[in-house]
Structure formats: structure tokens, C-alpha cells
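In what follows, a structure is listed as C-alpha cells, so that the remarks can point back to it.
The values are calculated or read from the model by the stated rules, or taken from the named source; none is laboratory data. All of these numbers come straight from a predicted model, not from anything done at the bench. Note that we place each Cβ from the backbone using ideal geometry, even for glycine, and neighbour counts take in every protein chain shown.
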Amino acid sequence: MSEELVAKEQVEVSKSVVNFKHPLLQFVPTDLKAFEEWLDKWDTTNLAIKLGLLHSLTMEDGWWPQEPKLISLLLEVADGHASEHNFVIADEFDYNRHKARNRRLIARKAFSVLCLKFFKDAKESWEKPLWWWILQNEELFQKVLWFLGRRENQYCLSCRDFSSSDPSTHQQGVFRTFVQKFAQLGWEFKSVDNRCWDSGVNDSVRKRLITARPQFIDLLCALRELDWLEGKELDSASLNRLTEMANENVYLPPVKVCASHSFRKPISLEEAVFGGSIPARILLLYRVYKKEQKRIDALYKESARQQREIVRQQELAKVEAQRKALDSRVKELASASSKR
């Protein structure tokens with residue numbers, strides 16, 4: 001190739017570079033402004049569009065309202081995200097589970113959105129978590145309990161190793177922290193807002209949380225943190241749930257020689273504790289706590305009664321001494337008067 005042709009080609013390339021116009025400059029991006037607009041686009045069978053819509057919720061400056069309907073939808077979509085098996089349809093032809101795998105992709109993406117925008121804890125200890133606002137919404141509160149109560153979604157609650165850089169492992173840590181703090185509110189809730197300690201809103205939320213204590217006990221059990229209940233006040237519903245759990249998955253060796261060597265169920269709380277039952281141990285400790293509390297309260301009341309009696313006797317002694325002094329003075333005055 002001659003030098004003249006090479007030079008000509010270089011000139012053409014230079015012109016094309018100079019005249020290059022970025023394709024995005026012709027694109028005018030628009031944002032979704034309302035949940036209804038987002039929901040209209042959600043009704044599609046296109047995998048990429050669904051994943052894109054979910055990802056749009058994670059944008060730093062994107063649209064993210066405190067919308068109960070959106071959270072409810074995300075909880076439904078994320079249900080069963082931990083296992084591909086949850087998305088298999090028995091009579092569906094799905095070679096290599098391709099459809100089930102894609103369904104799980106959407107569920108996992110919905111779960112990651114919840115971890116980033118809803119389950120996430122506050123950055124500072126004095127701030128409220130991102131999910132705090134649901135405490136005042138009865139319908140959404142129950143929907144969260146439904147999601148947490150699903151066995152498929154409790155898979156990652158027992159995981160304690162969050163040192164991995166794997167995003168899914170980090171999400172499990174975020175989710176676990178949320179469930180832990182959410183469950184503990186059944187006993188530790190103080191106020192929706194530090195500025196309104198005695199409002200009717202606080203009473204309503206407190207009642208809602210106390211009613212959910214049996215579900216919270218199940219969550220603490222899934223977290224393997226049922227020990228946290230030791231020393232906490234337990235109402236009748238909580239005691240009933242712990243009693244139901246006391247003998248679950250607890251088996252003891254037989255006490256008699258027999259042809260069968262099968263294990264047996266505990267017949268008392270003490271036996272259940274021997275078998276390693278944490279609910280049984282909590283119940284037993286609670287009974288001991290209440291018994292000792294009653295005994296100590298009785299001792300204190302008796303001591304207070306005795307102290308009051310001592311004070312009363314001292315007061316009576318003072319009154320008696322004063323009476324005797326008055327009687328003596330009266331006699332002195334009477335004697336002096338008779339001598340005049």
C-alpha cells in the first residue's frame with residue numbers, strides 16, 4: 001500500500017473519531033414516579049425486564065417510597081429464594097430446570113432488594129432501622145410475620161459465618177440481624193419515637209408485638225438464640241409455645257430392659273432438659289425464677305410488716321411515756337394545789 005493511501009485512510013479514521021457522537025446523548029432517561037407505574041411494567045414474562053425493574057429499586061437516587069403494597073409484593077416474590085427446588089412445577093416440562101432457575105433468579109433479586117432497602121439496619125446506633133415504619137402498619141406487620149414464618153425462608157437464619165465477600169452471604173447477615181432485632185422487640189419495645197413515650201400509637205404497637213411473641217419465639221429458635229429469653233418476662237401465650245416446643249426432637253434412652261431399644265420421649269421438664277431441650281430449660285429456669293421471686297417477695301413483705309410493727313411499738317412507747325409524763329405532771333399540780 002502506498003504512503004498516499006495510508007495517509008488518506010488515517011485522515012478518514014481521524015474524521016470518524018472527531019465526528020463520533022455518544023449513543024447515550026440521544027437517550028433521554030425518565031424515572032418511575034409512582035408504584036402503580038412500576039407495577040404496570042412488572043406484568044411481563046421477560047426475565048431481563050423483571051430483573052431490571054427490581055434493580056431499579058436499588059438505585060441510590062431512585063424511587064423508593066415507604067409503600068406497603070411494594071414491600072408486600074417483594075416479600076411474595078422473594079418467598080423461597082433459598083432453594084431452586086421451591087420453583088419447580090411437577091407437571092411442567094423443564095429440561096435442566098431452566099425455568100425454575102430463572103424463577104429463582106427473580107426471587108433472589110427481590111430478596112437482595114429487601115436486604116438493601118428494607119431489612120437493613122441503621123448506620124448509627126441512635127437511628128431507627130429502615131424497616132421501623134412497618135410497626136404501625138398492622139397488615140404489613142402480619143405480612144412480614146408470614147414471610148418469616150415460612151420454613152423455606154428460615155434456611156439462612158442459623159448461618160453465623162458472614163466473613164465471606166460473597167454478596168449472598170452478606171445478605172444473610174443483614175437478614176439475620178433484622179430478624180434478631182425484630183423478634184426481640186416483643187420484649188424490648190419502648191417507643192416508636194423518642195418524642196412520644198405515652199402516646200396511643202405506642203400502646204397499639206406494644207400490644208401488636210406482645211401478641212406476636214409466640215411467632216418471635218419460633219424465630220429466635222430458628223436463629224439458635226432462644227437462650228436470649230432467659231430472664232425475660234413470659235406471658236401465658238409464650239409459656240404455651242415453649243411448652244409445645246419442649247419435647248420437640250428430644251429423645252431419651254429407655255429406662256427398662258426390653259426387646260426394643262427405641263428411644264422414648266421425655267415425661268418431665270427435667271428429662272427434657274437432660275435431653276438438651278433449650279425451651280425446657282427456659283421453662284424450668286422461669287419456674288425457679290418465679291418461685292424464688294415469690295419467696296423473696298414474701299420475705300420482704302414480712303420484713304416490711306415487722307419493721308412497721310417495730311415502728312408502731314416505738315410510737316406506742318413514746319405515746320405511753322408522754323402519757324405517764326402528763327399523769328405525773330397532773331399529780332404534781334394537784335398536790336401543789338391541795339397544799340395552798
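Every residue, every condition in (1) surrounded by 12 or more Cβ atoms within 10 Å (Cβ to Cβ); (2) touching a Phe, Trp or Tyr at 6+ places or on another chain (Cβ under 9 Å); (3) of a type in the set (Asp, Glu), yes or no:
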site	(1), (2), (3)
Glu271	yes, no, yes
Arg287	yes, no, no
Ser303	no, no, no
Gln307	no, no, no
Ile310	no, no, no
Glu315	no, no, yes
Lys331	no, no, no
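Give me the residue from the stretch 66-103 that is part of a loop (DSSP other than H, G, I, E, B) and surrounded by fewer than 12 Cβ atoms within 10 Å (Cβ to Cβ) and, out of that set, modelled with the highest pLDDT. Write out each step before concluding.
Just the residues of the stretch 66-103 that are part of a loop (DSSP other than H, G, I, E, B), to begin with: 66-67, 79-83, 88-94.
In the following step, the residues that additionally are surrounded by fewer than 12 Cβ atoms within 10 Å (Cβ to Cβ) were identified as 89-93.
Working: Ile89: 85, Ala90: 82, Asp91: 82, Glu92: 80, Phe93: 80.
Going through the qualifying residues, I end up with Ile89.
Going by what's in this entry, would Lys339 be described as surrounded by 10 or more Cβ atoms within 10 Å (Cβ to Cβ) and basic (Lys, Arg)? Explain how you work it out, then say what you get.
Working: surrounded by 10 or more Cβ atoms within 10 Å (Cβ to Cβ): no; basic (Lys, Arg): yes.
Considered against the rule, which asks whether it is surrounded by 10 or more Cβ atoms within 10 Å (Cβ to Cβ) and basic (Lys, Arg), Lys339 comes out as no.
Got at least one residue in the stretch 273-295 being of a type in the set (Asp, Glu) and touching a Leu at 6+ places or on another chain (Cβ under 8 Å)? Working first, answer last.
Filtering the stretch 273-295 for residues of a type in the set (Asp, Glu) gives 292.
Filter once more, so that each one left must be touching a Leu at 6+ places or on another chain (Cβ under 8 Å): none.
Looking through the stretch 273-295, none of the residues is of a type in the set (Asp, Glu) and touching a Leu at 6+ places or on another chain (Cβ under 8 Å).
Can you name the residue in the stretch 245-259 that is surrounded by fewer than 16 Cβ atoms within 10 Å (Cβ to Cβ) and of a type in the set (Val, Ile, Thr) and is also nearest to Pro279 (Cα to Cα) among such residues?
Result: Val255.
Taking the condition surrounded by 10 or more Cβ atoms within 10 Å (Cβ to Cβ), touching a Ser or Thr at 6+ places or on another chain (Cβ under 7 Å) and either of a type in the set (Phe, Trp, Tyr) or in a helix (DSSP H, G or I) (or both), does Leu242 pass?
On the way: surrounded by 10 or more Cβ atoms within 10 Å (Cβ to Cβ): yes; touching a Ser or Thr at 6+ places or on another chain (Cβ under 7 Å): no; either of a type in the set (Phe, Trp, Tyr) or in a helix (DSSP H, G or I) (or both): yes.
No; evaluated as a whole, the condition is false for this residue.
From (1) part of a helix (DSSP H, G or I); (2) exposed (fewer than 10 other Cβ atoms within 10 Å of the Cβ), pick out the condition that doesn't hold for Ser262.
(1)
Among the hydrophobic types (A, V, I, L, M, F, W, C), in a helix (DSSP H, G or I), free of Cβ contacts under 8 Å to residues at least 60 places away in the same chain and within 28 Å of Val144 (Cβ to Cβ): is that true of Ala48 in this structure?
Working: among the hydrophobic types (A, V, I, L, M, F, W, C): yes; in a helix (DSSP H, G or I): yes; free of Cβ contacts under 8 Å to residues at least 60 places away in the same chain: yes; within 28 Å of Val144 (Cβ to Cβ): no.
When the stated conditions are applied, Ala48 does not pass them.
What tally of residues in the stretch 270-291 results from selecting those that are over 23 Å from the mean Cα position of the chain (by Cα), in a helix (DSSP H, G or I) and in contact (Cβ under 8 Å) with a residue 24 or more places away in the chain? Walk me through it before giving the result.
The initial filter retains those residues of the stretch 270-291 that are over 23 Å from the mean Cα position of the chain (by Cα), namely 270-276, 284-285, 287-291.
Now restrict to residues that are in a helix (DSSP H, G or I): 270-274, 284-285, 287-291.
If we keep only those that are in contact (Cβ under 8 Å) with a residue 24 or more places away in the chain as well, we get 272, 285, 289.
The number of residues fulfilling the criteria is 3.
When only residues in the stretch 104-136 that are without any contact (Cβ under 8 Å) to a residue 40 or more places away in the chain and assigned to a helix (DSSP H, G or I) count, which is farthest from Val174 (Cα to Cα)?
At the first step, the residues of the stretch 104-136 found to be without any contact (Cβ under 8 Å) to a residue 40 or more places away in the chain are 104, 107, 122-128, 130.
The next check asks that each one be assigned to a helix (DSSP H, G or I); those that pass are 104, 107.
Numbers: Arg104: 20, Ala107: 17 Å.
Looking at residues that are without any contact (Cβ under 8 Å) to a residue 40 or more places away in the chain and assigned to a helix (DSSP H, G or I), I get Arg104.
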